[in-house]
Amino acid sequence: MPRYLTIAAAQSGPISRTASRAETVARLVEQMRDARSRGAELIVFTECALTAFFPHWWIDDEAELDSWFERDFPSPATQPLFDAAAELGIGFCLGYAEIAFEAGRKRRFNTSVLVDQTGRIVGKYRKLHLPGHEDHRPHNPFQNLEKRYFEVGNLPLGTWRTLGGIVGMCICNDRRWPETFRMLGLGGAELVLVGYNTPDHIPEHPEMDHLVDFHNRLCLQAGAYQNGCWVVGVAKAGTEEGVSQMGQTSIIAPSGEAVAMSSTLGDELVIHRCDLDLVKPYKEYIWNFARNRRPEFYGPITDQADATPPQ
Ligand code: ING
């Protein structure tokens, strides 16, 4: 019996650093309305979907840095997203920069929330794998200062029963680490939602530039196939404040096949009716974790290079 969930991957074109939250939220709500009118029950926005990707530039004023973050979520500026979810009956996943006051201090995270079709937050995740650097590198055409602006997340790679399935989230660089998808797979994820801001130039390693699109597909498709889950990858695309970013927003089936992909570098909805039960042959036969995995033999990690081979 097919268990369909129609998903809209909402690729975002560039967001100006001068755009107000209200302008950007209105843009996202318009995508929600468009997605719902085309049958979507879930819309997936990208990483840091409310603002330009500010880790691309040096900020040494705390007040300016804080202006890129959400202290309250929802806030009056972002409440329209939740109102639209409840009005239209569409869930959403959204990445944003979060300020939280925990353990008696202000903390900053690169965060993603999962909201159901009633507008209720059902899940939250904070990015674990922070790429880039803490130092200012003025000789680079742009920065990646996530290690400076965000703390490593302090929430698990969770999965939640909602929207008729088991859903997990990760954020951008997380998708490059196989542990991410495996932990979500072990958590039973049938659907993994991931937004990304990925430049098509790597200042430290320009020899990889021509592989940016391939590496994105490799990570998403391998993650889907090796854990028998659907994967929705959503780009902030186009040239944003001088930084050219890849698109390639896509929906990947548990087979690892890309069933839908964007063809622009702007705001674009990529919609597919996903049968969540397509995970079954992979989870129950190809990757039967309970019967076929052997964690008891995965370690300890030792340097076998100089070991004497068994006689
Ligand atoms: N961006 C990039 C990403 O992981 C990156 C950083 C690009 C790392 C290319 C390695 C290679 O897609 C974010 N925001 O993590």
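The values are calculated or read from the model by the stated rules, or taken from the named source; none is laboratory data. Note that the coordinates shown come from a computational prediction; the quantities given were computed from them, not determined experimentally. Don't worry about glycine lacking a Cβ; one is built from the backbone with ideal geometry, like all the others, and counts go over all protein chains shown. Protein only, heavy atoms only, side chains kept; ligands, DNA and RNA dropped before computing areas. Shrake-Rupley method; radii C 1.70, N 1.55, O 1.52, S 1.80 Å.
General observations
- In segment 283-307, of all residues being among the polar types (S, T, N, Q) and outside any loop (DSSP other than H, G, I, E, B), the one that is surrounded by the fewest Cβ atoms within 10 Å (Cβ to Cβ) corresponds to GLN304.
- For segment 102-146, the set of residues classified as among the polar types (S, T, N, Q) and within 16 Å of the ligand (Cβ to nearest atom) consists of ASN110, THR111, SER112, ASN140, GLN143, ASN144, listed by residue number.
- Residues that are among the β-branched types (Val, Ile, Thr) and either closer than 21 Å to GLN79 by Cβ or under 21 Å from the mean Cα position of the chain (by Cα) (or both), drawn from segment 1-41: THR6, ILE7, ILE15, THR24, VAL25, VAL29
- Only listed residue being at pLDDT below 95 and either of a type in the set (A, V, I, L, M, F, W, C) or within 30 Å of THR51 (Cβ to Cβ) (or both), chosen from ALA290, ALA305, ALA260, ALA224: ALA305
- Options ALA84, ALA100: the member that is open to solvent by less than 40 Å² (accessible area, probe 1.4 Å), outside any loop (DSSP other than H, G, I, E, B), free of Cβ contacts under 8 Å to residues at least 12 places away in the same chain and closer than 18 Å to LEU50 by Cβ: ALA100
- Residues located in segment 109-159, provided they are more than 22 Å from LEU184 (Cα to Cα) and not in a loop (DSSP other than H, G, I, E, B): GLU146, LYS147, ARG148, TYR149
- The set of residues in segment 162-182 being polar (S, T, N, Q) and away from the ligand (no atom under 14 Å from the Cβ) consists of THR162 alone.
Quick grid of which residues meet (1) open to solvent by less than 10 Å² (accessible area, probe 1.4 Å); (2) of a type in the set (D, E, K, R):
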{"residue": "VAL243", "(1), (2)": "yes, no"}
{"residue": "VAL259", "(1), (2)": "no, no"}
{"residue": "LEU265", "(1), (2)": "no, no"}
{"residue": "ILE271", "(1), (2)": "no, no"}
{"residue": "ASP275", "(1), (2)": "no, yes"}
{"residue": "PRO281", "(1), (2)": "no, no"}
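- Extreme residue, farthest from PHE45 (Cα to Cα), among residues of segment 92-127 that are of a type in the set (Lys, Arg) and in contact with a helix residue (DSSP H, G or I) (Cβ under 8 Å, 6 or more places away or on another chain): ARG108
- Hits in segment 22-46 - residues which are open to solvent by less than 50 Å² (accessible area, probe 1.4 Å) and not hydroxyl-bearing (Ser, Thr, Tyr): VAL25, LEU28, VAL29, GLN31, MET32, ALA35, GLY39, ALA40, LEU42, ILE43, VAL44, PHE45
- Listed by first and then second residue, the pairs with beta-carbon distance under 7 Å, at least 6 apart or on different chains, first residue in segment 150-172 and closer than 20 Å to PHE69 by Cβ, second open to solvent by 10 Å² or more (accessible area, probe 1.4 Å) and away from the ligand (no atom under 16 Å from the Cβ), are GLU151/ARG107; LEU155/LYS124.
- Residues located in segment 42-57, provided they are away from the ligand (no atom under 16 Å from the Cβ) and either over 18 Å from the mean Cα position of the chain (by Cα) or of a type in the set (Phe, Trp, Tyr) (or both): none
- Segment 197-237 - residue that is under 23 Å from VAL279 (Cβ atoms) and within 9 Å of the ligand (Cβ to nearest atom) and, of those, most open to solvent (accessible area, probe 1.4 Å): CYS219
- Boolean, VAL192 is in contact (Cβ under 8 Å) with a residue 12 or more places away in the chain, within 24 Å of ASP275 (Cα to Cα) and either in a helix (DSSP H, G or I) or open to solvent by less than 50 Å² (accessible area, probe 1.4 Å) (or both): yes
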